[in-house]
Amino acid sequence: MARYTESVCRLCRREGAKLYLKGDRCYSDKCAIDRRAYAPGQHGQGRKKVSEYGIQLREKQKARRIYGVLEKQFRTYFEKAERQKGVTGENLLRVLERRLDNVVYRLGFGASRAEARQLVRHGHFAVNGRKVNIPSYQVRPGDEITVRESSKDSPKIKEMAETLVHKTPPAWLELNPEALKGRVLALPSRDQIDVPVQEHLIVEMYSR
């Protein structure tokens, strides 16, 4: 599967907002967007008049990059959200939030979604007692996410476990740091999803 392998800090600069793609670095004075708050490239500091479509496109790209989803997969998520009852934009964010790699990140098992995705791919987590190594796996209310017994001696897992006591997951998730597990209590509501995305612009773009 194709994946982005260049500097992720360039993505934040391109979108003009912190997307928190580098974990702790994004909270430090090394953050690229704090140092150079303009788009990368030769013409990054030039003034440009952005069209209505351009604004909508940037919002869609921002959402894609936050969750680490490729274009075709993102479009599939949108179509799924469109078929569901309720507000399409909120449905879209809810589907993205339910990805296993995002839930692992939200619980504090990874410093970034990229790190959480790697941990999932390496088979460190189980859902309801069954090993799941698919980052896009959709969790449901009542699902229990645990660190597998065979992974608890991993240096990375041990390092992560030490920081869990300081983590506070969103209200739709429950974390048990001692047992290295979490539970999905409910589907997230819009006010519990703290991503800097105006989802209605994405809906408008796809509705053209």
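Pairs from the table (K158/K181; K62/K131; K62/K85) lying more than 19 angstrom apart at Cα are K62/K131; K62/K85. Given their separation in residues at 0.36 nm each and the Cα-Cα distance between them, E159 and K48 gain 35.5 nm when the chain is fully extended.
Over the stretch 159-208, Cα pairs under 8 Å with separation of 6+ residues give a relative contact order of 24 percent.
Computed from backbone phi, the HN-Hα couplings of the stretch 138-149 come to 8, 7, 10, x, x, 5, 10, 9, 10, 6, 5, 4 Hz, rounded to whole numbers (Karplus: 6.51 cos²θ - 1.76 cosθ + 1.60, θ = phi - 60°; Gly and Pro given as x). Bin by bin, in steps of 5 Å, what percent of the Cα pairs in the stretch 99-184 do you find, going until the bin that has the longest distance? Taking all Cα pairs of the stretch 99-184, the binned fractions are 3, 17, 31, 31, 16, 3, 0 percent.
Reported to two decimal places, what Rg/Rh ratio describes the stretch 47-88 when computed on Cα atoms with Rh from the Kirkwood expression? The Rg/Rh ratio comes out at 1.07.
If R0 is 25 Å, the Cβ-Cβ spacing of N133 and K72 corresponds to a FRET efficiency of close to 0.75. Computed over the stretch 71-131, the convex hull of the alpha-carbon atoms projects to a mean area of 5.0 nm². Could you give the nm distance between label points at R121 and S189, where each point is 7 Å from its Cα heading toward the beta carbon? About 3.6 nm separates the two model spin labels.
We did not get these values from a lab; they are worked out from the coordinates using the rules stated. Everything quoted here is computed from the prediction, not taken from an experiment. Glycine gets a Cβ as well: all are built from the backbone with ideal geometry, and neighbour counts include every protein chain shown.
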